[in-house]
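The values are calculated or read from the model by the stated rules, or taken from the named source; none is laboratory data. Fair warning: this is a prediction, and the values are worked out from it, not measured in the lab. We place every Cβ from the backbone using ideal geometry, glycine too, and count neighbours over all the protein chains shown.
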Amino acid sequence: MSDINQQPRPPAGVAKSSVRSGFVARIRTYFLTGLIVAGPVAVTAWLIWWFVTWVDNLVSPFIPRAYLPETYLPMKIPGLGLIIVFLALTLLGFLTANLIGRKLIELGDRLLNHMPIVRPIYRTAKQIFETLFSKSETSFRRVALVEFPSPGMWSLVFLTQPPTTEISDRLPATEHVSAFMPCTPNPTTGFFFYVPQREVIALDITVEQAMTLIMSAGMVQPGADAQTQNKLAALAQTARAAQAARKAEPTAVE
């Protein structure tokens, strides 16, 4: 006679399916956690390695074979080209600070400015580099919002130098600022325009945070770095809970 109080056991197929689903969920959680931890490190290492290798390949042809380390070593030493470029630029800056070096730089500058085809390219590149690497606090270091492309829609812009007198005298009688609006996900392209100062909303975020926001298409918001560890901890907690639930499940009896 069977015991009427005995609880029916779940079918063996259902129990095995539940165990399999829990195992797959744990593997997926572990994989995503590892990807979040290792992904940024791998991308950063790859970009650094690519840049170092690119500079080495660019400089190596100009170095005599007898002075290359790989001539005497069984392996290639990465970073030699980067070191040479750094020393060369530092030496150039040192010579420019002296009277003789400054005169030579001025002579070369005059020669390039009198070459018909080279002159516009050289002037534009020189102005861009002087603006980007200037220590002035007004050059491309402020982030703001402007209402663009239509009312109710807002876009991130970088405020650069104010317009010159030649331009401001032809603008409407109000204070304007120069704004560059980069595109997503490639911030090297975008739109440049003059916008009234009163229509600009200044933001208290850095240029790096704004660039990250633009390149990620809004997926990485400013201040999200402070939440990364909390997200990782939540994933780890989910994995531990799934493991505990797996251990608590009754063993299926065939």
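For the reader, a short list of remarks on this structure follows.
- In the range 62-90, the residues that are on the phi > 0 side of the Ramachandran plot and touching a residue at least 12 places away in the same chain (Cβ under 8 Å) form Cβ pairs under 9 Å with partners that are in a helix (DSSP H, G or I) and not β-branched (V, I, T), at six or more places apart or across chains, as follows: G79/D56.
Conditions (1) under 11 Å from R142 (Cα atoms); (2) modelled with pLDDT of 85 or more; (3) among the charged types (D, E, K, R), marked per residue:
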residue: L156; (1), (2), (3): yes, yes, no
residue: L159; (1), (2), (3): yes, yes, no
residue: I167; (1), (2), (3): no, yes, no
residue: T174; (1), (2), (3): no, no, no
residue: T188; (1), (2), (3): no, no, no
residue: A202; (1), (2), (3): yes, yes, no
residue: L213; (1), (2), (3): no, no, no
residue: G218; (1), (2), (3): no, no, no
residue: A224; (1), (2), (3): no, no, no
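- Test: residue in the range 100-118 that is farther than 30 Å from Q161 by Cα and either touching a residue at least 60 places away in the same chain (Cβ under 8 Å) or of a type in the set (A, V, I, L, M) (or both): yes
The rows are residues; the columns are (1) in a helix (DSSP H, G or I); (2) modelled with pLDDT of 85 or more.
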{"position": "S18", "(1), (2)": "yes, no"}
{"position": "A25", "(1), (2)": "yes, no"}
{"position": "V41", "(1), (2)": "yes, yes"}
{"position": "P74", "(1), (2)": "no, no"}
{"position": "I84", "(1), (2)": "yes, yes"}
{"position": "T96", "(1), (2)": "yes, no"}
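- Flag if L95 is over 29 Å from the mean Cα position of the chain (by Cα) and surrounded by fewer than 12 Cβ atoms within 10 Å (Cβ to Cβ): no
- Counting residues in the range 166-174 that are surrounded by fewer than 16 Cβ atoms within 10 Å (Cβ to Cβ), touching a residue at least 12 places away in the same chain (Cβ under 8 Å) and closer than 26 Å to G218 by Cβ gives zero.
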